[in-house]
Amino acid sequence: MSQTVAIPLSGTLERPLLGGHTASRFETVLAWSVAVTAGLLLAAAGLFLTSGGRWFVVETPSMGEAAPVGTLVLDLPVAAAALQVGDIVSFQVPANPDVTYTHRIISIDADGGIHTRGDVNGATDPWTLAQDNIIGTPALLIPHLGWLFRAAPILLIGTLLIWVLTSPFTDRVTRTSLRIAGTALTVSYAAFLLKPFVNVTTIENTSTPHSVTATVISSGSFPVRVSGHGSSSVHLADGEVGRVTIRELTANGHYQLSSAIDLQPAGWVLLIAICCIPLALCLIVGRVRTVQA
């Protein structure tokens, strides 16, 4: 008598979990990988914090390419007397005590007063810094990683919610596929709220009777091309400043700028491949071999 048997991919090992569910080898390896990575990160964070370190995420484009929006700033304490012109420093001022600034030192007075300015700012900051204002100087500036820290609450809550909602599914393929799809939706939602990939800010406008020159800065992770109706266009990387001259204005003298991702062919291929990862994982999880016995 012939019988059809569905056998999971070779090497698949299922272990019982609480509630009678089983975990595949993929889920077990993933869980251990996450646990080990989390342990290493916690150990590094503990060492950093015990050394007096503090961390911040850059939220404005004032430092240009040196520290674009979304950069994770890891500061260590520093003596004001050890700072030099050209150093980047994080500080707070009494006029706005809830905000931490990270700017570059442009001059130091004879009595030790420190003056700062953002790399793309046109004016020097209106304060003189002393030791009491200094938080630290960056030991490390990590571009883009700050976006992940800002998205962490959304990703954590979304992942926990998806895990709970999919737990009643006893079929491993269905449960895992739903979790992969749900995680992809959570990441997409976080990207929609935070807009980490494409964002352009206008810094300055210079107008003439028949045109406007806009100085713009990119504050998204992807390179973009910025253009306007009847204008030139400019390619900008993250934190890069450029100028666009618009010669066709509206009846009220207004103008509009548009921005779009501007990747090389290899970049587009990589981006499409990354977007296809959830689908590929679902197909891998759902693949079975049918054996005729």
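The values are calculated or read from the model by the stated rules, or taken from the named source; none is laboratory data. Not measured: the values here are computed from a predicted model. A quick note on method: Cβ atoms are made from the backbone with ideal geometry, for glycine too, and the neighbour counts reach across all protein chains shown. Quick note on the areas: whole protein, heavy atoms, side chains included, nothing else; ligands and nucleic acids left out. Shrake-Rupley method; radii C 1.70, N 1.55, O 1.52, S 1.80 Å.
Observations
- Accessible surface, per residue, of the chain when the full set of protein chains is kept, probe 1.4 Å, Å²: 60
- Positive minus negative residues near E240 (Lys, Arg vs Asp, Glu; Cβ under 13 Å): -2
- Given charges at Cβ of Lys, Arg, Asp, Glu: the range 77-152 dipole, positive-most of A79, P126, A139: A139
- Axis of helix 265-275 versus longest Cα principal axis of the chain: the two differ by about 50°, to the nearest ten degrees.
- Computed over the chain, the range of Cα coordinates on each principal axis works out to 93, 56, 30 Å, biggest value leading.
- Semi-axis lengths, largest first, of the ellipsoid equivalent to the range 32-111 are 29, 16, 12 Å, with √(5λ) applied to each eigenvalue of the Cα gyration tensor.
- Highest-first packing order for the peptide set 65-75, 47-57 is 65-75, 47-57, based on the mean count of other beta carbon atoms within 10 Å.
- Principal-axis tilt of helix 25-50 within the chain, Cα atoms, nearest 10 degrees: 30
- Local net charge near H210, Cβ-Cβ under 14 Å (Lys/Arg +1, Asp/Glu -1): 0
- L283-L148 FRET efficiency (beta carbon distance; Förster radius 45 Å; 0.05 resolution): 0.95
- In units of the compact-protein estimate 2.2 N^0.38 Å, the range 82-218 shows a Cα radius of gyration of 1.60.
- By accessible area with a 1.4 Å probe, ligands and nucleic acids excluded, highest first: order of H103, H210, H144: H210, H144, H103
- The chain, accessible surface, carbon-and-sulfur percent (1.4 angstrom probe): 64
- Debye intensity ratio in log₁₀ form over the Cα atoms of the range 151-293, taken at each q of 0.15 Å⁻¹: -0.86
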